[in-house]
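A short write-up of the structure that comes next.
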Number of protein chains: 2
Amino acid sequence: MSVPPLLPRDPASDRFHELFIAFAACGATPAGGVHRLCGSPADGEARAVFDLAVRQAGGTVCIDAVGNQYGVFSLAPQDDAPLVMFGSHLDSQPNGGRFDGALGVAAALAVGEALIADKRAGADFSADFCAVNWTNEEGARFRPSLLGSGFFAGRHDAAYALARTDDDDVSLGEALAAIGQSGSDAPPKMPACYLELHVEQGVTLEQAGVPLGIVRRNWGAAKFDIRFDGEPAHTGPTPMPRRRDALLAAAYLIAEIRAVADRWPGAVHSSVGRLIVRPNSSNVVPSEVSLSAEIRAVEDGILREAGALAAQAVRDAAARAGVAIGRCERADRPGRPLPGEVRDLVVACANALGLPHIELDTVSGHDALSLLGLCPTGLVFVPSAGGIAHSEREYTAPDAMEAGFCVLLEAALRLCRSDGVAERAAQWNGVSVR
Amino acid sequence: MSVPPLLPRDPASDRFHELFIAFAACGATPAGGVHRLCGSPADGEARAVFDLAVRQAGGTVCIDAVGNQYGVFSLAPQDDAPLVMFGSHLDSQPNGGRFDGALGVAAALAVGEALIADKRAGADFSADFCAVNWTNEEGARFRPSLLGSGFFAGRHDAAYALARTDDDDVSLGEALAAIGQSGSDAPPKMPACYLELHVEQGVTLEQAGVPLGIVRRNWGAAKFDIRFDGEPAHTGPTPMPRRRDALLAAAYLIAEIRAVADRWPGAVHSSVGRLIVRPNSSNVVPSEVSLSAEIRAVEDGILREAGALAAQAVRDAAARAGVAIGRCERADRPGRPLPGEVRDLVVACANALGLPHIELDTVSGHDALSLLGLCPTGLVFVPSAGGIAHSEREYTAPDAMEAGFCVLLEAALRLCRSDGVAERAAQWNGVSVR
């Protein structure tokens, strides 16, 4: 049941690529990536591109209390029409890739522009559309990740989110104010459907040789925020048995966290990506080390077992190095299926467009997962060359980008147009969309 | 053959404590330490205290090309009189102790002031005196350590020293300029004798229950500057076998560097004190880790063997984590005896003053060691409570400080006064002092 768009496909696709390129210029690095940390001037530039695109297309921009940026396109005649929301995030990892997040925001904006053009050309709509740029998805500058979508989902309050600080003790609130992105608008209502286009960041699609992946579930994750407290001492004369070396404890832990993953090949991933040493002087035994460790697992039973091993490894490392555990906070995200109705819709759109696709898991977290259980939410992947992600070498071919965009546009038309499925979507999972 | 000072002992000792307290106020931390990194504003404040003390006493201050600060006190009538130099350093570790370095500079200044007062009171001198504050002894902000005394010893040229950068890419030259301590004065000539008072930073004196230690030799050290080069990747979906985790390599190395020390209990000390992770984001596999590792050993045969194990550990860690060794620079400092003539002089002074003393090794490096082989150089230790060093909890009792100062003043009188031993000192080790 393909709904042919009133607009020819090409102008909307061109606009998608144009917006993608405009975002890639904000915080561009010489090696072809972007350095666009949340709340940085480069993030401010990308947000200005978003703002301009929405306004030029005749939409309105709202910024909520944590800086989430919403481009609302009024399409339906009634005031209480359901809302369909597409989006992702514009913040990047340090020297990250230009596709991660920005691809989904560019697609959402181009979809919104296409829908409003469609309306001007006479089409009838029964749902409104919103393109969203979620604040601090990456968790690179401020922790935790998924902060903006977590706020929208009611998981964090605004005061908590705004008080998160970076490693220079600048808060998210201060960073947003510095780039003129502090907001006070009420967030839009819970959407009748949320859909996000993202790069896979793994090798499944590339190995399968298909341009599209439809996410059926996410891996569970256990994230640890740990601090070992030792004692500063001179690295020279201090007798070895008297040392309380916080970095030694961290080293024991990092090796063990890796060993946990090696016990379940392919089913558990683990990492320590962030580590801060104090005082970090070559002649001082480290007195304090903070680090972020994580375990991700294909199923929750394994996650429980691997997570318990990791927690034990923290205690063992501290005991072996003779240091104290100053902090060991753990946040678990269980593995959950994504709603079948949204997957069915995306499959139908891909089939209508003749685009090959497979279903797959997501190992990484995405804003779409923040909304899981609150509204019908879906996640569409396009291939990452070599599985490379969080790197300036991240790459997705233009054809694959195009495939992802076309599926999103098709889904938006089906969801929003009066001859679409918006009303049906509003009943999915018993979510009220009023 | 004690030479009674013309001045009563007390005013000079009072001045020593007064100068020590003045230095401790520069960069003072609430926990009783100092945070006075080389070239920082707090370092500038301490240097101003030094400058004022020398000028008020009638000495002249020179600053050489790398910021070494010399307070020259002309005592002898002849222009080509030998020079006796005492000193240490005013820079500290991050949140370091107030005794480390500053104790020796305060003692040298108070000695200089006492000698010039002695001259005004009619005493005859056959050597001039210089109090010195060496730049960047600690190696905390800029590496390598002992940079200023190494320049004086001809080990580094000025351009090399000034181009050293901190972790924010600020060069030593820029840092010195920012606090008005860029200099162009010629350094003083090689001294006929160099003597340094320092805190032990170990437990030998405390365990022996004596206030004074006379250093007979230094432990050798092998210092490694290492960088592991991996690949950035997403910590979630990237398959474990594809990861090139630079922090994992560092963790394997840190554990192994510790194991090297454990093979020679009490005879080898080892540490990794400094480690920088890039990009240092919890969701990115670390692509680059730089670290400083060191091995110190009681004798050079052990140092060779332990150093070889450490070098092998670098290769093993990189291979095991699948990363490249981007840098592995090694600087060795052999263990060497300090000249017996200076030790004999200090022993004679301590005996004359009735102060108990022992001979001991130094595990830590000191500016006095930079001058080893170039001039007769000596190092006098006073106890560190609990052996605690490079810590705000560093402490040396006032009585022990006093013992150290009195021995230095006695030695200075013997070295500089016409009835002293300056001329004989000038012949020590065959060093020509003009």
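The values are calculated or read from the model by the stated rules, or taken from the named source; none is laboratory data. The structure displayed is predicted, hence computed values, not measured ones. FYI the Cβ positions are ideal-geometry reconstructions off the backbone, even for glycines, and counts take in every protein chain you see.
For the stretch A:349-376, what are the residues that are touching a helix residue (DSSP H, G or I) at 6+ places or on another chain (Cβ under 7 Å), under 19 Å from A:V105 (Cα atoms) and not in a loop (DSSP other than H, G, I, E, B)?
Across the stretch A:349-376, the qualifying residues are A:D367, A:S370.
Got a sec? Which of A:V34, A:V84, A:V105 is under 14 Å from the mean Cα position of the chain (by Cα) and either outside the structural domain of A:A403 (by TED's automatic domain parsing) or modelled with pLDDT of 95 or more (or both)? Break it down stepwise before answering.
Values: A:V34 fails: under 14 Å from the mean Cα position of the chain (by Cα); A:V84 fails: under 14 Å from the mean Cα position of the chain (by Cα).
Answer to the check: A:V105.
Output the residues belonging to the stretch A:140-155 that are within 11 Å of chain B (Cβ to nearest Cβ) and farther than 17 Å from A:G173 by Cβ.
Hits for the stretch A:140-155 are A:A140, A:S145, A:L146.
Among the numbered criteria (1) outside any helix (DSSP H, G or I); (2) at pLDDT 95 or above; (3) of a type outside the set (G, A, S), which single criterion is violated by B:D332?
Checking B:D332 against (1) outside any helix (DSSP H, G or I); (2) at pLDDT 95 or above; (3) of a type outside the set (G, A, S), the one that fails is (2).
Conditions: (1) part of a helix (DSSP H, G or I); (2) touching a residue at least 40 places away in the same chain (Cβ under 8 Å); (3) within 29 Å of B:A159 (Cβ to Cβ). B:F20 meets all but one. Number of the miss?
The number of the failed condition is (3).
Evaluate the following for B:S13: is it more than 24 Å from A:N283 (Cβ to Cβ) and either of a type outside the set (D, E) or in the same structural domain as B:S384 (by TED's automatic domain parsing) (or both)?
On the way: more than 24 Å from A:N283 (Cβ to Cβ): yes; either of a type outside the set (D, E) or in the same structural domain as B:S384 (by TED's automatic domain parsing) (or both): yes.
Judged against the criteria, B:S13 is a match.
Among the candidates A:D262, A:D225, single out the residue that is surrounded by fewer than 23 Cβ atoms within 10 Å (Cβ to Cβ), under 30 Å from A:G335 (Cα atoms), of a type in the set (D, E, K, R) and within 26 Å of the chain's Cα centre (by Cα). Break it down stepwise before answering.
Working: A:D262 fails: within 26 Å of the chain's Cα centre (by Cα).
Unique residue meeting the criteria: A:D225.
With among the acidic types (D, E), within 22 Å of the chain's Cα centre (by Cα) and either surrounded by 24 or more Cβ atoms within 10 Å (Cβ to Cβ) or over 19 Å from A:G209 (Cα atoms) (or both) as the only criterion, which of A:D316, A:D367 stands out? Please lay out each step first, then the result.
On the way: A:D316 fails: within 22 Å of the chain's Cα centre (by Cα).
Going through A:D316, A:D367 in turn, just one is among the acidic types (D, E), within 22 Å of the chain's Cα centre (by Cα) and either surrounded by 24 or more Cβ atoms within 10 Å (Cβ to Cβ) or over 19 Å from A:G209 (Cα atoms) (or both): A:D367.
Go through B:A28, B:A12 for me and flag whichever is of a type in the set (G, A, S) and at pLDDT 95 or above.
One residue alone meets the criteria, B:A28.
Of everything in the stretch A:280-302 that's in contact (Cβ under 8 Å) with a residue 40 or more places away in the chain and away from chain B (no Cβ under 13 Å), which residue is farthest from B:T238 (Cα to Cα)?
Quick first cut of the stretch A:280-302, residues in contact (Cβ under 8 Å) with a residue 40 or more places away in the chain only: A:282-300.
Next, from what is left, pick out any that are away from chain B (no Cβ under 13 Å): A:299-300.
Details: A:E299: 17, A:D300: 19 Å.
That would be A:D300.
Would you check if A:L355 is modelled with pLDDT of 95 or more and either in the same structural domain as A:L291 (by TED's automatic domain parsing) or in contact with an Asp or Glu (Cβ under 9 Å, 6 or more places away or on another chain) (or both)? If you could, list the steps in order and put the result at the bottom.
On the way: modelled with pLDDT of 95 or more: yes; either in the same structural domain as A:L291 (by TED's automatic domain parsing) or in contact with an Asp or Glu (Cβ under 9 Å, 6 or more places away or on another chain) (or both): no.
Judged against the criteria, A:L355 is not a match.
Return a yes/no flag: does the stretch B:80-99 have any residue that is surrounded by fewer than 24 Cβ atoms within 10 Å (Cβ to Cβ), closer than 28 Å to B:Y160 by Cα and in contact with a helix residue (DSSP H, G or I) (Cβ under 6 Å, 6 or more places away or on another chain).
no
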